[in-house]
Structures are given as C-alpha cells and as structure tokens.
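Here the structure is laid out as structure tokens; the discussion comes afterwards.
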Amino acid sequence: MPRFVARVLIRPKAEIRDPQGEAISGALRSLGHEIADVRTGKEILVSFDAADERAARDEAARMGDELLANPVIESYAVEVEAVRTEAHA
C-alpha cells in the first residue's frame, strides 16, 4: 500500500478572536511593517498508508473531524501527498 503524508492546517474560525495573531500583528506594526491582519494556526503532519490518494484524503479528513480540530472554534484544511520510502519504493 502506498505511503502518504497528510498536512492538516488548523486555524481559528474567522469569528473567533486570535490573541496570538493580534500580538504578532502589533509586534510587526511596531517594527514598521504595514500589515492588514495576522491569523495564527498550527500544522500537523501525519504519515500513513492508504489504498490511493482519495482514500488518504478521506482518512485525513476523518482525523481532522474526530480529533485534530475543534469544530466549535477551528476550521481546517487537508493536503495529501504520496511519498516514496525504502519499504514502499
């Protein structure tokens, strides 16, 4: 079975306050950068085997739904990439 890496990008929903983003925004402005907004988030990389890219994407989305993101305050996006390893070459 092919190996995949899922990149799950998680960030606060637009209507949720982002204190860390606000702090970064203020710091960047104090350094002279003209910015409109800063939103922070997190990235989680998960390696796993799946039958194909569609199955890998579905599995990664289930991971996001079930554990990785808090649906009340966070949204997430999934990117999936096939990888070659010695065992899977």
For this session: Please go through region 32-89 and pick out each residue that is more than 11 Å from ILE10 (Cα to Cα) and among the hydroxyl-bearing types (Ser, Thr, Tyr).
Result: SER47, THR85
Exercise. Of the residues ALA23, ALA14, which single one is more than 19 Å from LEU67 (Cα to Cα) and in a loop (DSSP other than H, G, I, E, B)?
Worked result: ALA14
Exercise. Looking at region 68-89, which of its residues are surrounded by 12 or more Cβ atoms within 10 Å (Cβ to Cβ) and modelled with pLDDT under 95?
Worked result: HIS88
Exercise. Does MET63 qualify as being touching a residue at least 40 places away in the same chain (Cβ under 8 Å) and touching a strand residue (DSSP E or B) at 6+ places or on another chain (Cβ under 6 Å)?
Worked result: no
Problem set entry | Qualifying positions in region 42-68 - among the basic types (Lys, Arg) and either in a loop (DSSP other than H, G, I, E, B) or under 22 Å from THR85 (Cα atoms) (or both) | ARG54, ARG57
Problem set entry | Qualifying positions in region 30-56 - without any contact (Cβ under 8 Å) to a residue 24 or more places away in the chain, surrounded by 13 or more Cβ atoms within 10 Å (Cβ to Cβ) and over 23 Å from ASP18 (Cβ atoms) | ALA55
Exercise. Is there any pair linking a residue in region 1-28 that is closer than 30 Å to ALA51 by Cβ to one that is basic (Lys, Arg) and surrounded by 14 or more Cβ atoms within 10 Å (Cβ to Cβ), with Cβ under 6 Å and at least six apart or on different chains, and which?
Worked result: ARG11/ARG39
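The values are calculated or read from the model by the stated rules, or taken from the named source; none is laboratory data. None of these values were measured; they are calculated from a predicted model. Every residue, glycine among them, receives a Cβ derived from its backbone with ideal geometry; neighbour counts consider all protein chains shown.
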